[in-house]
Each structure stands twice: as structure tokens, then as C-alpha cells.
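Just below is one structure, and these are the notes that go with it.
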Amino acid sequence: MTARLNRSIILSERTKHLEFEILSLQTFDFLAGQFVSVKEPKPDGKEITRAYSIASAPRGDNTFDLCLNRVDEGFMSNYLCDLNEGDLIHLHGPHGHFVLREPRRDAVFIATGTGIAPFRGMVNWLFADPSRSQGHEFWLVYGTRYAQDIYYQEEFEAIAAKHPNFHYVVTLSRCGDEWTGCRGYVQDHVRQIVGQRKDMEAYICGLNAMVSANRELLKQDLGWDRKQIVYERYD
């Protein structure tokens, strides 16, 4: 498939939000949390493929969003971040099983960095229709180092203000005295949210160290079954 970049937004010094439209489709059908694989040739002619979580909910049209970091010495991430509006990319998908499970249960979403991407899709999808979230509580725990790297903050705060069953928790690990919110790592706050409950689910997305720390917390410290924990690693 071929997609055209319609909009490019700088989220931070190394991170961009990109909005695409697939030219050959009227409707791009995917589940919130899935990913696409982008395939492009390097200057030496060798094709390279990289997977990126879709950072939007299905909209009933042919569009989707990505959220990605520039990676030092990484071809694809820099290629995509350097695109101009109107440029084309080639991709296939959707792929992946990092999606909301049925039947729905109370859940905690745990993310760091651009691991927020699939949760933007999930949260927007859940609260677009009251029947999808009704009767359940959802927490989004997002961790990053500095306040300038909190992606989609206003959007999540607006959803939390409108829906009492959505709880948005941001924690910074390297903040200054001016920060009045939560501090430390995401797992510190997950422990407080979950407490002694064992009737929930956890969805975790980010780098391996964070994913492993939260899986260990839930399984070994809090006694959860591994089937209650859905995760996707970015490294």
C-alpha cells in the first residue's frame, strides 16, 4: 500500500506525530493497538522494513497516525521524521495482537516514551462510544524523564475531565522542583493503583527494561496470572 503524509507535528526535539492517508483504500480497517510495517529502500538500494504502532483509533476512513522518535544511526526513523507533507511511503498491515481483550475488564495501561502510541488509539476508541467503557475503570500511567516529553497530554487530560472512569497519571523520573505531579518510575504508581486487586488486566508498551520490571511486579510481587498481562516491546 502507498500512503501520503498529510500532516507532520513536532512533539519534542526528537519526536514527531505523523498523519497519513492510504491512497488505495477508502477505509483502513484495523484494531486500536495494532501496527503497520513501513518498507523503503536505503541509499544503497537495500530495502528495509520497520514496524510502528498506529497512534490513532480507527476513524472509519483511510487515515492513521504514527508517533516515533529519531534513532541515532537509524535509517527508517530519520527517513520518516524528515518527510515533507505530501510525500509518499510504502507499507503493509495492519499487524499485531497488542489489542484490547474481550470480555472487557478494568485495566491499567502502562507506557513510557513513544510506547504511548498504541494507547492513544485504545483510549480514543474506548471513549468514543459509551458502551465500550461503561462499567469499567481505566488507568493510563505514562512515564518519561522530562515534562517536555509528555506526548498528547492535553488530549488525555480532556478525556479524563469528561470521563470519570478514565484516570491519567503522568510520572517524571528526572523532573525539577517546578514539577508538582507524580515522580519516579511507572511501576511505583502501578503498584499503588493495583493494590491487592487480581481482577484486572495490564497492557504494557515501551522498552524492554520497563516492560520486564512491570511484568515482574504484577506476576511475582502481586500474584497476577501471566494471561492478565499483555505487552509489546520496542527493542
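For this structure, a couple of remarks:
- 22 Å Cα-Cα reach of LYS42 towards lysines, excluding residues that sit fewer than 8 places from it in its own chain: LYS16
- Just so you know, the averaged projected area of the alpha carbon convex hull for region 28-72 sits at 3.9 nm².
- Cα radius of gyration and Dmax for region 40-121 (Å): 15.1, 49
- Pairs spanning more than 21 Å between alpha-carbon atoms, out of LYS198/LYS227; LYS162/LYS227; LYS39/LYS227: LYS162/LYS227; LYS39/LYS227.
- Extending 7 Å from the Cα toward the beta-carbon at both LEU25 and SER8 defines two label points whose distance is 2.3 nm.
- Put the Cα centre of region 136-194 next to the Cα centre of region 40-93 and the gap is 27 Å.
- Highest average first, the peptides 63-71, 190-198 ordered by how many other beta carbon atoms sit within 10 Å of their residues are 63-71, 190-198.
- Mean Cβ count within 10 Å, highest first, over the residues of peptides 215-224, 199-208: 199-208, 215-224
- In a simple Cβ point-charge model (Lys, Arg +1; Asp, Glu -1; nothing else charged), the chain has a dipole of about 620 debye relative to its Cα centre.
- Extent along principal axes [Cα atoms of region 146-235; Å; largest to smallest]: 37, 30, 23
- The calculated FRET efficiency for SER131 paired with LYS162, based on their beta-carbon distance and R0 = 25 Å, is about 0.95.
- Across region 1-80, the volume of the C-alpha convex hull divided among the residues equals 94 Å³ per residue.
- Loop-located trypsin sites (Lys or Arg not before Pro) in region 115-163 whose Cβ has at most 14 other Cβ within 10 Å (DSSP): ARG145
- Cα principal axis extents for the chain, largest first, Å: 54, 41, 32
- Assigned charges on the beta-carbon of Lys, Arg, Asp, Glu; region 91-227 dipole about Cα centre (debye): 420
- Sorting 45-51, 16-22, 91-97 by their mean Cβ neighbour count within 10 Å, with the most densely packed peptide first, gives 16-22, 91-97, 45-51.
- Once the chain from THR180 to GLN153 is taken as fully extended at 0.36 nm per residue, the excess over their C-alpha distance is 8.2 nm.
- Put simply, the convex hull of the Cα atoms in region 54-178 casts, on average, a shadow of 9.9 nm².
None of the figures in this text is laboratory data; all of them are computed from the coordinates on show. Computed from a predicted structure; not experimentally measured. All Cβ positions, glycine included, derive from the backbone under ideal geometry; neighbour counts span all protein chains shown.
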